[in-house]
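Colleague: This structure is in structure tokens; I'll ask about it shortly.
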Amino acid sequence: MPSPDWAAAKLRVRTAASALAAACVLSASLACGLGVQTAPTPATTPTPTAEPAPAPTHTPVPTPTPIPTPTATPTFEPPPVILPHVPPILGTPTPLPGDPLPRLIEAAELKVSALRDLSSSRVVAKQFMSRGEMAELMRGLFEEDRDDIGKDDALYKALGILPQNADLFDILLGLYSEGALGLYRAEEDKFYLVLEPGGEFGPDAERVYIHEFVHALQQQHYDFRSAFDAIEDNADASLALRALIEGDARLTELIYVTETMTEEEQAASQGGPPSQALIDAFRAAPYIVRRGYAFPYDDGARFVFTLYQQSGWAGVDAAYSRLPRSTEHILHPEKYLAQDEPIPVDLPDLVPALGDGWELAAKNTIGELALSTYLELGPSREEGLKAAEGWGGDSYALLHGPDGEALLVMLLAWDTGQDAVEFYDAFAALTELRTGAEWQPHEGGETWYGNWRATHQLPLEGGRSVFTQIDRDRTLVIFTPSDATLKTVVNALRW
């Protein structure tokens, strides 16, 4: 589905929102409600072109009727006395006592509630802090999620998209600590916002605050925290839910800026240019991390806007009752609207077959976003994206052996056999490009594309290899430390 024209989109949103105004791959505990700078170069919000003023209408002046000659001598009456007009002297308004910040925040909350058509049922705690304090807060939250980040670190290294000497924890912490401007934590029902001591609650701070306030409204009305808990074992579904939540807040933010701010305030709401530290952290992150960083805000906003176009805010609200269940739904809103649900895929427990010393490190779903981001690194970005579009479902297992070796097994389901072939070809081309090795038929096997079946193995140094097999609309991929381990896994799966 083509991306909407955002300039035209915002004009349509502005028109629709006027009536309302006249009548609003991290864990859920950290990711949800995080206001960040979404790219090193902030985008400017287009300002709708003003309609031309109507041309003045000229009323013809009637020809005066001649005054008849008087028949009597007129009585003299003095003309009225016109006294000079002295404008009244207005005094300077008396400022209201106390800190103006609570009044500014309350006014912003009332406008957001009207624009988003959701009212707040309680006062939410707030804490303003410096950028340094926000960075310390982020470090503490990341420490809580260190184990989950470590699983992603191992997955990326097994796939070969993160150098073995890199630390995903440090990469993510640097990126989010530099980019975070605000945070709403549902666990505490509390806002954390960057506002330097002595700083003003200007348009930039106001914009961040209203984004976070939408998250508080979402929690009050839809309890997204419980929704995250229900899908905590599915990383792809969790990322899709985060995209819905952030996209909702992002769209409301854009409407708010367009509806309530002057042109000068809109420009000021963009804030200053990103810091060099943020630019450096963004550039240092692997592509899959950069893509995931922007996904909830950019793709999420497009997804929510599609629902808004269909049914207004009622359509967005309905999505919290029927949640998007995969990043495929976010990337392709038409599949969500058509209720094209993910295909369940399960991998059996491989530890008993592998024997002593083996343990399961992670088991989860990769999803279309991560898969497409991975395949984009191949010879053709366009072919990589196309190959991932037929994703139907998947499951992967990452296991560690007695000597620290890593075994990655992925089983993927596709919408059609042709989709499976497209992935097979794209994955083969990417792996050859990345490793410099060549695929060989596994154990003398051949490729039979007539019934979508093929088995190949790509040997690497140290006895390691990559195995892939396609059978109709299913694909098996194994990154194995040895041929013996590969044989054990294939037999255990009864492929």
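The values are calculated or read from the model by the stated rules, or taken from the named source; none is laboratory data. Model, not experiment: these values are computed from the prediction. Positions of Cβ are backbone-derived with ideal geometry, glycine not excepted, and every protein chain shown enters the neighbour counts.
Colleague: Limited to the stretch 217-242, what total is found for residues that are out of contact with any helix residue (DSSP H, G or I) (no Cβ under 9 Å at 6 or more places or on another chain) and either crowded, with 19+ Cβ neighbours inside 10 Å or over 21 Å from Phe303 (Cβ atoms) (or both)?
Modeller: Matching residues across the stretch 217-242 total 3.
Colleague: Still on this structure: Looking at (1) closer than 24 Å to Ala294 by Cα; (2) at pLDDT below 95, which one does Tyr192 not meet, given that it meets all the others?
Modeller: The number of the failed condition is (2).
Colleague: In addition: Please count how many residues of the stretch 339-369 are among the aromatic types (Phe, Trp, Tyr) and part of a helix (DSSP H, G or I).
Modeller: From the stretch 339-369, those among the aromatic types (Phe, Trp, Tyr) are 358; that's our starting set.
So of that shortlist, the ones also part of a helix (DSSP H, G or I) come out as none.
Here the count works out to 0.
Colleague: Right, here's the next one. Looking at (1) touching a Gly at 6+ places or on another chain (Cβ under 6 Å); (2) modelled with pLDDT under 90, which one does Gly445 not meet, given that it meets all the others?
Modeller: Going through the list (1) touching a Gly at 6+ places or on another chain (Cβ under 6 Å); (2) modelled with pLDDT under 90, Gly445 breaks only (1).
Colleague: Among the helices (runs of 4 or more DSSP H) contained in the stretch 223-276, which hold 2 or more residues that are closer than 18 Å to Phe201 by Cα?
Modeller: 235-260, 263-269
Colleague: On to the next question. Output yes when any residue across the stretch 199-219 is under 20 Å from the mean Cα position of the chain (by Cα), part of a helix (DSSP H, G or I) and farther than 21 Å from Lys111 by Cα, and no when none is.
Modeller: No.
Colleague: Report the residue count in the stretch 458-495 for those that are part of a loop (DSSP other than H, G, I, E, B) and at positive phi.
Modeller: 2
Colleague: Determine whether Glu143 is modelled with pLDDT of 95 or more and farther than 29 Å from Gly198 by Cβ.
Modeller: Criteria met by Glu143.
Colleague: Okay, next question. Across the stretch 374-403, what is the number of residues that are assigned to a helix (DSSP H, G or I) and either of a type in the set (Phe, Trp, Tyr) or outside the structural domain of Thr480 (by TED's automatic domain parsing) (or both)?
Modeller: 1
Colleague: Filter the stretch 318-346 down to the residues that are more than 15 Å from Asp236 (Cβ to Cβ) and either among the hydroxyl-bearing types (Ser, Thr, Tyr) or in contact with a strand residue (DSSP E or B) (Cβ under 7 Å, 6 or more places away or on another chain) (or both) and list them by number.
Modeller: Once the filter is applied, which keeps residues that are more than 15 Å from Asp236 (Cβ to Cβ) and either among the hydroxyl-bearing types (Ser, Thr, Tyr) or in contact with a strand residue (DSSP E or B) (Cβ under 7 Å, 6 or more places away or on another chain) (or both), the stretch 318-346 yields Tyr320, Ser321.
Colleague: Something else: Answer with yes or no whether Asp349 is under 23 Å from Leu159 (Cβ atoms) and either surrounded by fewer than 17 Cβ atoms within 10 Å (Cβ to Cβ) or in the same structural domain as Ile478 (by TED's automatic domain parsing) (or both).
Modeller: yes
Colleague: Considering only the stretch 352-380, state which residues are aliphatic (A, V, I, L, M), touching a Ser or Thr at 6+ places or on another chain (Cβ under 8 Å), surrounded by 17 or more Cβ atoms within 10 Å (Cβ to Cβ) and farther than 23 Å from Asp147 by Cα.
Modeller: Leu354 - this is the single residue of the stretch 352-380 that is aliphatic (A, V, I, L, M), touching a Ser or Thr at 6+ places or on another chain (Cβ under 8 Å), surrounded by 17 or more Cβ atoms within 10 Å (Cβ to Cβ) and farther than 23 Å from Asp147 by Cα.
Colleague: Now for a separate question. Looking only at the stretch 127-180, which residues are more than 23 Å from the chain's Cα centre (by Cα), of a type outside the set (A, V, I, L, M, F, W, C) and surrounded by 17 or more Cβ atoms within 10 Å (Cβ to Cβ)?
Modeller: Lys157, Gly160
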